[in-house]
1. Can you pull the one-decimal nm distance between simple spin-label points at residue 149 and residue 65, each 7 Å off the Cα toward Cβ?
2. Once both labels are modelled 7 Å past Cα along the beta-carbon direction, what's the residue 99-residue 167 spacing in nm?
3. With a probe of 1.4 Å, find how much accessible area region 37-159 has per residue, and write the answer as a whole number in Å².
4. Return the FRET efficiency for the residue pair residue 47, residue 179: r is the Cβ-Cβ distance, R0 is 45 Å, and the value is rounded to the nearest 0.05.
5. Relative to the compact-globule scaling 2.2 N^0.38 Å, provide the ratio for the alpha-carbon radius of gyration of region 44-106.
6. Per 10 Å bin, what percent of the C-alpha pairs of region 70-176 does each bin hold, from zero upward?
7. Which order do 133, 30, 37 take by accessible area at a 1.4 Å probe, largest first?
8. Counting Lys and Arg as +1 and Asp and Glu as -1, what is the net charge of the other residues whose Cβ lies under 10 Å from the Cβ of residue 75?
Amino acid sequence: MTAETSMSAGADETGAADVARRLEAILLIVDEPQSLVALATAVGAPVAAVRQAIEGLVDDYDGRTGGPRRGFELREVAGGWRIYVRAEHDDLVAEFVGSQAPSRLSQAALETLAVIAYKQPITRGQVASIRAVNVDSVVRTLLSRGLITELFTDSETGAIHYGTTDQLLVHLGINSLEELPKISPLLEGADEVAELGEGTGL
């Protein structure tokens with residue numbers, strides 16, 4: 001191998017490692033599975049390079065590269081990729097989240113929770129459209145509090161649909177969502193919200 005070839009190979013390895021690091025940064029904060037094209041656009045790399053980096057991360061997290069098997073995994077769901085806690089740790093994570101001292105929800109969280117409660121099942125994007133603001137961090141907060149949950153993932157778009165949990169009913173002191181007050185007297189522009197829901201098939 002010539003010096004020039006050796007330098008080229010080293011540069012390729014460095015480039016691949018950089019793509020993998022950037023992918024990890026994106027995958028750690030996304031709430032929904034991301035397609036290879038979306039990830040390639042986000043990190044500014046060719047789809048082929050992203051596919052190779054994804055395969056490398058999967059092997060790394062699964063302990064197939066000489067390191068330990070991680071407590072999380074990189075999984076393909078509905079044509080996209082997202083980091084998930086491994087199933088064997090679900091109970092541990094749920095217990096930890098449940099043991100955290102609750103604090104008062106922000107106004108933004110309360111408004112987002114109300115939209116989800118009245119319009120479920122609903123996607124994060126639909127909630128954002130109704131509230132006209134980004135709701136990513138708020139949705140993560142509500143998930144961590146156990147007030148909402150992921151109901152299902154759209155097989156075509158990969159969008160996650162959210163709904164409320166029984167824990168919310170306990171906090172509100174009601175037996176079912178049917179006991180929630182009618183939305184019209186309480187929410188200004190309720191008719192417009194209803195029309196949005198009909199337009200999205202909710």
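The values are calculated or read from the model by the stated rules, or taken from the named source; none is laboratory data. Note that this is a predicted model, so its numbers are computed, not measured. For neighbour counting, all protein chains shown are included, and Cβ atoms are generated from backbone atoms with ideal geometry for every residue, glycine included. Side chains are part of the model used for accessible areas, which takes the heavy atoms of the whole protein and leaves out ligands, DNA and RNA. Shrake-Rupley method; radii C 1.70, N 1.55, O 1.52, S 1.80 Å.
1. Taking the two extended label points, one gets 3.4 nm.
2. 1.4
3. Working: 6930 Å² over 123 residues.
Per residue, region 37-159 has an accessible area of 56 Å².
4. Details: r = 49 Å, r/R0 = 1.10.
Using R0 = 45 Å, I get an efficiency of 0.35.
5. Details: Rg = 15.9 Å, N = 63, 2.2 N^0.38 = 10.6 Å.
That works out to 1.50 for region 44-106.
6. For region 70-176, the pair-distance distribution reads 13, 42, 36, 9, 0.
7. Details: 133 65, 30 25, 37 95 Å².
Correct descending sequence by accessible area is 37, 133, 30.
8. On the way: positive: 82, 86; negative: 73, 76.
With Lys, Arg at +1 and Asp, Glu at -1, the neighbours total 0.
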